[in-house]
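For reference, the structure is listed below as structure tokens.
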2 protein chains.
Amino acid sequence: MHSPLFEAVPNFSEGKDGTKISRITGAVDAVPGLRVLGLHSDPDHNRSVLTFAGEEEAVLSGATGLAKACSDELDLASQSGEHPRMGVLDVFPFVPLEGATMEDAVRLAHRAGESLGRLGFPVFLYGSAATAPHRRVLPDIRRGGYEGVASRLEDSRWKPDYGPETLDPHKGAVAVGARPFLIAFNAYLNTDDVEIAREVARQVRESGGGLPAVRALGFGVGGKAQVSMNLTDFERTPIPVALQAVRSAAADLGVSVESTELVGLAPLEAILQAARFYLGLRELEAHHVLETRLYDPSGNRSL
Amino acid sequence: MHSPLFEAVPNFSEGKDGTKISRITGAVDAVPGLRVLGLHSDPDHNRSVLTFAGEEEAVLSGATGLAKACSDELDLASQSGEHPRMGVLDVFPFVPLEGATMEDAVRLAHRAGESLGRLGFPVFLYGSAATAPHRRVLPDIRRGGYEGVASRLEDSRWKPDYGPETLDPHKGAVAVGARPFLIAFNAYLNTDDVEIAREVARQVRESGGGLPAVRALGFGVGGKAQVSMNLTDFERTPIPVALQAVRSAAADLGVSVESTELVGLAPLEAILQAARFYLGLRELEAHHVLETRLYDPSGNRSL
């Protein structure tokens, strides 16, 4: 078994200035053993989302370097954008990957929180790393953005978990969390009626009494009605289960699913779930996949 | 893109003597960059099947070392076993893996054939590496085992592709080939009637007019009727297509598939085929799988 791997998905408040963005992401590039999996910069929201992965110490070091770079490069007082932000480094979730448990990710979130606190960021832990039930959900923590956080600092229920108990207006606060891998999965219906997609979305999503750990919205995309889903915990609701629900709700409305798409990456386990589900396999694990055996850096060469 | 990878699956004529077997496989262990994926030794057949993988030069070097070790350790004249064998190193297929085409595997088979020829083995190329249509199918090459090969050597249609045109009775001849990855996939029926499994097998296999590149037999395993399949070219007949045929043939006979199993390894592409097929995905490639991105040794760390 090699060391547990983690994904980190920092959201920082700069989506326009390429030079600043690359100086910030450069702090992650500089750490040996980290791999950048994606960078999405949105000029309208003036916000970037970086995805990187590696072992615990490397991820921690990348997280600290990135926070320092955000602090050096960005100034919340002069920043503007559509997205409600609470800090230059706004949200920082850690995700357990291969070999890692959610407990491992919670520990990493605490270590990162402590380290970011020492850099002068008030840190609010959320998700599985939350230290109280009312601080578990991200929107509750960031309600009202920077101003909202500032107004709640006097309230003992909203003291930061790490770092100063006052806000530096140039830096702001950061939400650090632990959560499962998020899968973005869309289903296209054989209709252009967006209202049907919206109705299907309402039926399948958790907030409408549908499937746990499923967020869903209806859109019109390329002349087709699209049910756009976020599976926020694919161990609880795997892709095939979400799709069955969409197919069934669509059928009730007289339409069907024409095709589907994965946006971004999916963990191998999510693909294996689908193969197991539909093929009726008694067992299918990562070590049954040839490539896993070829690339496992610690795999024994001989038997 | 990293270098193309190949799998090699040498079958050699020793399945009892652990010391000899480990001296032979040790020749592969000794080559840096090779990974042993499996070793199956069968004492009754007095035969072992080794599976290893790596880049072309490493695989070629492992193949040569293994052939030399077989030559040093084994003596066909004193060997006996149920399996009809034609040489101490009996069959040696090469399989294209990630980044490799069948043409690449054919070239590797030729290079390995030339090298084994220089070691004194008469080499017959088969499968995609065959140099004539009548030499394509392995059973045709090895018909009658050592004695059969010996009797055909005078026939110009059965001259070796490489190596001496006479047989050393201690060493024998070897069939060197190129073929696709073989997937072993079984379906268990909700009946104990083996005759039903046999009938399903007859209907789905290529030789019975069923699916291309599918071999199938019916067995009784653990009180269940089992349809045991070899998918010899999963690009032509993917797992879900084979399973649909079994489910349909089973339904016609009044039974159903209860569960399935993969024996040994399957390439990631075969799993992705299943996910694409059942989920209706517009696209799903290896680079959409998180782990592929994490472990691709040549993957760019930054964007």
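The values are calculated or read from the model by the stated rules, or taken from the named source; none is laboratory data. It should be emphasised that the depicted structure is a prediction, and the values quoted were computed from it without experimental measurement. Using ideal geometry, Cβ is built from the backbone for each residue, glycine included, and neighbour counts are taken over all protein chains shown.
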Answer yes if at least one residue in segment A:176-187 is closer than 22 Å to A:Leu74 by Cβ, away from every other protein chain (no Cβ under 14 Å) and touching a residue at least 12 places away in the same chain (Cβ under 8 Å), and no otherwise.
yes
Elements of type strands (runs of 3 or more DSSP E) contained in segment A:204-272, each with 1 or more residues being among the basic types (Lys, Arg):
A:214-221, A:224-231
Is it the case that segment B:232-242 has a residue that's hydroxyl-bearing (Ser, Thr, Tyr), in contact (Cβ under 8 Å) with a residue 24 or more places away in the chain and more than 9 Å from chain A (Cβ to nearest Cβ)?
yes
Members of segment B:96-135 that are farther than 21 Å from B:Glu165 by Cβ and touching a strand residue (DSSP E or B) at 6+ places or on another chain (Cβ under 8 Å):
B:Pro96, B:Leu97, B:Glu98, B:Gly99, B:Ala100, B:Met102, B:Asp104, B:Ala105, B:Val106, B:Leu108, B:Gly127, B:Ser128
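Residue-by-condition table, conditions (1) under 25 Å from B:Ala69 (Cβ atoms); (2) touching an Asp or Glu at 6+ places or on another chain (Cβ under 8 Å):
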{"position": "B:Gly87", "(1), (2)": "yes, no"}
{"position": "B:Thr101", "(1), (2)": "no, no"}
{"position": "B:Ala109", "(1), (2)": "yes, no"}
{"position": "B:Ala112", "(1), (2)": "yes, no"}
{"position": "B:Ser128", "(1), (2)": "no, no"}
{"position": "B:Ile141", "(1), (2)": "yes, no"}
{"position": "B:Tyr162", "(1), (2)": "yes, yes"}
{"position": "B:Val174", "(1), (2)": "yes, yes"}
If only one of B:Gly145, B:Gly87, B:Gly117 is assigned by TED's automatic domain parsing to the domain that holds B:Ala53, surrounded by fewer than 24 Cβ atoms within 10 Å (Cβ to Cβ) and within 24 Å of B:Phe6 (Cβ to Cβ), which one is it?
B:Gly117
Given the criteria surrounded by fewer than 15 Cβ atoms within 10 Å (Cβ to Cβ) and away from chain B (no Cβ under 14 Å), does A:Ser256 qualify?
no
Quick check: anything in segment B:29-51 without any contact (Cβ under 8 Å) to a residue 24 or more places away in the chain, more than 14 Å from every other protein chain (Cβ to nearest Cβ) and out of contact with any helix residue (DSSP H, G or I) (no Cβ under 7 Å at 6 or more places or on another chain)?
no
Take B:Lys68 and tell me if it is over 20 Å from the mean Cα position of the chain (by Cα), surrounded by fewer than 18 Cβ atoms within 10 Å (Cβ to Cβ), in contact (Cβ under 8 Å) with a residue 12 or more places away in the chain and assigned to a helix (DSSP H, G or I).
yes
Go through (1) surrounded by fewer than 20 Cβ atoms within 10 Å (Cβ to Cβ); (2) within 14 Å of chain A (Cβ to nearest Cβ) for B:Leu272 and report which single condition fails.
(1)
